[in-house]
Amino acid sequence: MSEEKRFYPDYFAEIVLTIFLVIEAVVVLALLFPKHIGRMINFAAAYQPRPEWYFLWLYQLVRYFHGRWIFVGTVLLPLGVVLFIIFIPWIDRLKRGRTLVLAGTFTILAMFIIFTLIPVFNQ
């Protein structure tokens, strides 16, 4: 009959050994395949600031709604999306609410993905 394992020292020794093996594997892989830090910078080129990926959709809206229409692209459309998300529980209770919620959600998701990927591929 086998002896019952206890947390200390049996399982604890296994956990510590596993941690050391994983750390050793990471260090060995890091030494074998070093990653170059950063990228080459062209100091002669003009600086073009770009937002992080999660704001690229809003950055793209500013490009489509410029001049007098910038208020629509930067305030009204994002506010409409936020209000739609807030009112989803009440919209869902309507007779055709489930269809409206699904259509609106997929439209918002598709627009977010499209407007995020457009600037990425137009670099």
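Bear in mind these aren't lab numbers, they're just calculated from the coordinates by the rules spelled out. Keep in mind it's a predicted model, so treat the numbers as computed, not measured. For neighbour counting, all protein chains shown are included, and Cβ atoms are generated from backbone atoms with ideal geometry for every residue, glycine included.
Taking the condition of a type in the set (S, T, N, Q), assigned to a helix (DSSP H, G or I) and in contact with a Leu (Cβ under 7 Å, 6 or more places away or on another chain), does Thr116 pass?
Values: of a type in the set (S, T, N, Q): yes; assigned to a helix (DSSP H, G or I): yes; in contact with a Leu (Cβ under 7 Å, 6 or more places away or on another chain): yes.
The answer is yes for Thr116.
Sort out which residues of segment 13-45 are under 30 Å from Ile118 (Cα atoms), under 28 Å from the mean Cα position of the chain (by Cα) and among the aliphatic types (A, V, I, L, M), and write them in order of number.
Ile37, Met40, Ile41
Which count do you get for residues in segment 14-50 that are surrounded by 10 or more Cβ atoms within 10 Å (Cβ to Cβ) and not in a helix (DSSP H, G or I)?
Qualifying residue count, segment 14-50: 1.
Specify which of the listed residues (Leu58, Leu94, Leu79, Leu100) is out of contact with any Phe, Trp or Tyr (no Cβ under 7 Å at 6 or more places or on another chain), part of a loop (DSSP other than H, G, I, E, B) and either surrounded by 10 or more Cβ atoms within 10 Å (Cβ to Cβ) or in contact (Cβ under 8 Å) with a residue 12 or more places away in the chain (or both). Lay out the reasoning, then the answer.
Details: Leu58 fails: part of a loop (DSSP other than H, G, I, E, B); Leu79 fails: part of a loop (DSSP other than H, G, I, E, B); Leu100 fails: part of a loop (DSSP other than H, G, I, E, B).
So the residue among Leu58, Leu94, Leu79, Leu100 that is out of contact with any Phe, Trp or Tyr (no Cβ under 7 Å at 6 or more places or on another chain), part of a loop (DSSP other than H, G, I, E, B) and either surrounded by 10 or more Cβ atoms within 10 Å (Cβ to Cβ) or in contact (Cβ under 8 Å) with a residue 12 or more places away in the chain (or both) is Leu94.
For segment 103-123, how many residues are surrounded by 13 or more Cβ atoms within 10 Å (Cβ to Cβ) and not aromatic (Phe, Trp, Tyr)? Even if it seems obvious, please write down each step before you answer.
Of all residues in segment 103-123, those surrounded by 13 or more Cβ atoms within 10 Å (Cβ to Cβ) come to 104-105, 108, 111-112, 115-119.
Filter once more, keeping what is not aromatic (Phe, Trp, Tyr): 104-105, 108, 111, 116-119.
Final tally of qualifying residues: 8.
Name the residues in segment 1-13 that are loosely packed, with under 10 Cβ neighbours inside 10 Å and out of contact with any helix residue (DSSP H, G or I) (no Cβ under 8 Å at 6 or more places or on another chain), would you? Even if it seems obvious, please write down each step before you answer.
Taking segment 1-13 and keeping what is loosely packed, with under 10 Cβ neighbours inside 10 Å, we get 1-8.
Scanning segment 1-13 gives Met1, Ser2, Glu3, Glu4, Arg6, Phe7, Tyr8.
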